[in-house]
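Presented below is the structure to which this report refers.
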Amino acid sequence: MISKEVTYAISIEGASKELDKIHVGPIQLQVEPGYVIAVVGTNGSGKSTLFRMLNNLIKPDEGSIRILDMQYPQDEVAIKQRMGYVPELEMWSALGFTRIRDLTDFVARAYPNWNQELAKRLFTRFELDGGQKLEHLSKGMKRKLAFVHAVAFEPDILLLDELTSGLDPFAWKAMMNEITAYMDGGQRTVLMATHILEEVKQIADMVAFIHKGKLLGLYEKDALVDEWKSFWLEGQEEKFKHMPGVAAVEKVAGTSTARILSRSAIETDAALRQAGAKVIQTKAVELDEVLRMLVLEQESKEGQGQS
Ligand SMILES: Nc1ncnc2c1ncn2[C@@H]1O[C@H](COP(=O)(O)OP(=O)(O)OP(=O)(O)O)[C@@H](O)[C@H]1O
């Protein structure tokens, strides 16, 4: 439980890191407590690097990171006691334990707030057995175990890096329910990197889009669903490009139809009516299309910057 009011669960001020092939950042991100934030981006866009920076596994070259108003390195232990982390790949093999039970006992001893009842319930829920050998666990079982270890000390923040990768549909559903149950436990925050758009739709409050190390924006999910729309119309795509709200226009191959992607369906709809355009169909925009569009916008800005 958050003991005193904090302004931000996570506050990243211009953090950046130069890696071999990519410059991640500068990232500016402020997350208030009480929200589930999905981090969505293409492979290699920097999501795991961001999570590693938040865990102090990678130190930013520049900028600062504050977790619950605390900072690395001086508050490392206090931060880790209040933030659970499921990394993209589990890091327990170096610890040398053979069975789940031994590893879990070791993790439990590290956290004064460890809730054994919760851990037991989750073991049952995810059909984990303390006697199982770690080296024989399937990918999905490893994800489930890593989740139990991250959540059973009831942290204020959960960082989940592709948590559900490898889970079967039943385990996936159970995991969604457990994240919801976690959020019901108080003023908590989840930051989750995912490629599964259904997951974003079901449990995220906000979506942070990331591409080539740059944060393209933090959007309220409901606004993305309610305000962003696709329109299909008869006519030349050129004339729709500069209408209010229009983010992108493309010709539908082999037809005389154009498709408009709008960030503000109300504004675009009004402008289209005024122009007497014949709208054939209107549909909600999928999140991957929003990402594609933000990427195009970013690339066009970079192109202008270079020219
Ligand atoms: N320690 C490192 N040293 C050098 N380069 C790295 C390091 N870690 C990651 N990278 C590179 O940084 C880029 C971003 O990697 P990262 O794992 O953060 O991406 P991601 O968005 O999590 O990708 P994915 O969706 O595939 O998991 C990649 O090009 C990766 O090869």
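Numbers at a glance
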item	result
Conditions (1) part of a helix (DSSP H, G or I); (2) surrounded by fewer than 16 Cβ atoms within 10 Å (Cβ to Cβ); number of the one not met by Gly130	(1)
Selection within segment 113-169 - closer than 20 Å to Thr189 by Cα, among the aromatic types (Phe, Trp, Tyr) and touching a helix residue (DSSP H, G or I) at 6+ places or on another chain (Cβ under 6 Å)	Trp114
Selection status of Glu178, assigned to a helix (DSSP H, G or I), in contact with a Lys or Arg (Cβ under 8 Å, 6 or more places away or on another chain) and either surrounded by fewer than 21 Cβ atoms within 10 Å (Cβ to Cβ) or modelled with pLDDT of 95 or more (or both)	yes
Members of segment 1-48 that are within 16 Å of the ligand (Cβ to nearest atom), among the hydrophobic types (A, V, I, L, M, F, W, C) and surrounded by fewer than 20 Cβ atoms within 10 Å (Cβ to Cβ)	Leu19, Ile22
Check on Gly235, in contact (Cβ under 8 Å) with a residue 12 or more places away in the chain, outside the structural domain of Val40 (by TED's automatic domain parsing) and out of contact with any helix residue (DSSP H, G or I) (no Cβ under 9 Å at 6 or more places or on another chain)	yes
Matching strands (runs of 3 or more DSSP E) fully within segment 184-241 where at least 1 residues are on the phi > 0 side of the Ramachandran plot	214-220
Those residues of segment 49-67 which are farther than 13 Å from Ile27 by Cα and within 12 Å of the ligand (Cβ to nearest atom), in sequence order	Arg52, Leu57, Ile58, Lys59
Flag if Glu198 is without any contact (Cβ under 8 Å) to a residue 12 or more places away in the chain, loosely packed, with under 13 Cβ neighbours inside 10 Å and closer than 22 Å to Val40 by Cβ	yes
Criterion: over 23 Å from the mean Cα position of the chain (by Cα) and either buried (at least 19 other Cβ atoms within 10 Å of the Cβ) or within 30 Å of His23 (Cβ to Cβ) (or both) - qualifying residue of Val107, Val86, Val77	Val107
Members of segment 8-35 that are among the charged types (D, E, K, R) and touching a Phe, Trp or Tyr at 6+ places or on another chain (Cβ under 7 Å)	Glu32
Counted residues, segment 201-253 - those being surrounded by 15 or more Cβ atoms within 10 Å (Cβ to Cβ), β-branched (Val, Ile, Thr) and in contact with a Lys or Arg (Cβ under 7 Å, 6 or more places away or on another chain)	3
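The values are calculated or read from the model by the stated rules, or taken from the named source; none is laboratory data. Keep in mind the model is a prediction, meaning the values are calculated, not measured. Methodologically, a virtual Cβ is constructed for each residue, glycine included, from the backbone with ideal geometry; neighbour enumeration extends over all protein chains shown.
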